[in-house]
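Comments concern the structure below.
The values are calculated or read from the model by the stated rules, or taken from the named source; none is laboratory data. Keep in mind that this is a model prediction, so the values were computed, not measured. In this analysis, Cβ positions are derived from the backbone assuming ideal geometry, glycine residues included, and neighbour counts consider all displayed protein chains.
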Amino acid sequence: MNPEKSALEEVYAANSAGELASAYAKWSSGYDRQTVELGYCLPFIIAGWVARYVPVRNAPLLDAGCGTGLSGPYLRALGYDAIEGLDFSEEMLGLARRRNAYSALKRATLGETLPWPDDYFTAFLSTGVFTEGHAPASSLDELVRIARPGGHAIFTVRDSVLERDGFLDVFSRLEQAGRWRPMEESPPFRAFAIAEPDVLVKAFVFEIL
């Protein structure tokens, strides 16, 4: 069996936070090489939406579910030098620290209370996190809480979970509650440029109110 494919399948097949953490712990040492070989592009292209909506002088940003920190160096290259990251995997955070692109990294789990005060971040970004077997739609409540008014929420959601797992309902609820307003919704596009042609995601941008 192709080891890259089996690692990805194990991640998608996780049925609990514990299983997911175990899958990422085993995959962490080969994650970067294997996902790049598969053509995984989300950590890189998200910088385009960040640059479109978030002025470089605005800080700090949160990379929610930062994993090994693939987005960090490219955001820093664009001038964002105050980026914090969270991930639930200590093994992945250890790799992210080596990139020296983040001003702070914390272990935290999306879907639970996050260790930051209200209105702390000027924006949060998240890629590849709202997908099969990963963070729930309810994670957005806490992320919006720690984002300041006038800031932005920038994230991707896999098409297969968008309606089924309640993301559209959460989008609507937060809008009706006056917590955010929609700014942009991309068409579906491939998360992997080479492999997994059926894994499609959409990017969303909301302004925090």
Is it the case that Ser16 is small (Gly, Ala, Ser), within 17 Å of Phe88 (Cβ to Cβ), at pLDDT below 90 and in contact with a helix residue (DSSP H, G or I) (Cβ under 8 Å, 6 or more places away or on another chain)?
no
Residue hits (the stretch 68-93; of a type outside the set (A, V, I, L, M), crowded, with 18+ Cβ neighbours inside 10 Å and not in a helix (DSSP H, G or I)) are Thr68, Gly69, Ser71, Tyr80, Glu84, Gly85, Asp87, Phe88, Ser89
Every residue from the stretch 146-163 that is small (Gly, Ala, Ser) and more than 13 Å from Val201 (Cα to Cα):
Ala147, Gly150, Gly151, Ala153
Checking Gln176 against (1) surrounded by fewer than 16 Cβ atoms within 10 Å (Cβ to Cβ); (2) under 17 Å from the mean Cα position of the chain (by Cα); (3) among the polar types (S, T, N, Q): exactly one of these is not met. Which one?
(2)
Check Val161 against each of (1) surrounded by fewer than 20 Cβ atoms within 10 Å (Cβ to Cβ); (2) closer than 24 Å to Gly48 by Cβ; (3) modelled with pLDDT under 95 and name the one condition it does not meet.
(3)
Being among the small types (Gly, Ala, Ser), assigned to a loop (DSSP other than H, G, I, E, B) and within 17 Å of the chain's Cα centre (by Cα) narrows it down to one residue among Ala96, Ala101; which is it?
Ala101
Those residues of the stretch 45-89 that are under 16 Å from the mean Cα position of the chain (by Cα) and either over 23 Å from Ile208 (Cα atoms) or of a type in the set (S, T, N, Q) (or both) come to a total of 9
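What number of residues within the stretch 194-209 satisfy the criterion of being surrounded by 13 or more Cβ atoms within 10 Å (Cβ to Cβ) and either of a type in the set (D, E, K, R) or part of a loop (DSSP other than H, G, I, E, B) (or both)?
6
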Leu140 passes all but one of the listed conditions (1) farther than 16 Å from Val201 by Cβ; (2) part of a helix (DSSP H, G or I); (3) within 14 Å of the chain's Cα centre (by Cα); the exception is number (1)
Which one of Arg145, Arg97, Arg181 is closer than 29 Å to Gly39 by Cβ and of a type in the set (Lys, Arg)?
Arg97
State all residues of the stretch 94-144 that are touching a strand residue (DSSP E or B) at 6+ places or on another chain (Cβ under 8 Å) and among the small types (Gly, Ala, Ser); if no residue qualifies, say none.
Ala96, Ala101, Ser103, Ala104, Ala108, Ala123, Ser126, Gly128, Ala135, Ala137, Ser139
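Yes/no per residue for (1) of a type in the set (S, T, N, Q); (2) part of a helix (DSSP H, G or I); (3) more than 23 Å from Gly85 (Cβ to Cβ); (4) touching a Phe, Trp or Tyr at 6+ places or on another chain (Cβ under 6 Å):
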{"residue": "His134", "(1), (2), (3), (4)": "no, no, no, no"}
{"residue": "Gly150", "(1), (2), (3), (4)": "no, no, no, no"}
{"residue": "Thr156", "(1), (2), (3), (4)": "yes, no, no, no"}
{"residue": "Val161", "(1), (2), (3), (4)": "no, yes, no, no"}
{"residue": "Ser172", "(1), (2), (3), (4)": "yes, yes, yes, no"}
{"residue": "Glu175", "(1), (2), (3), (4)": "no, yes, yes, no"}
{"residue": "Arg181", "(1), (2), (3), (4)": "no, no, yes, no"}
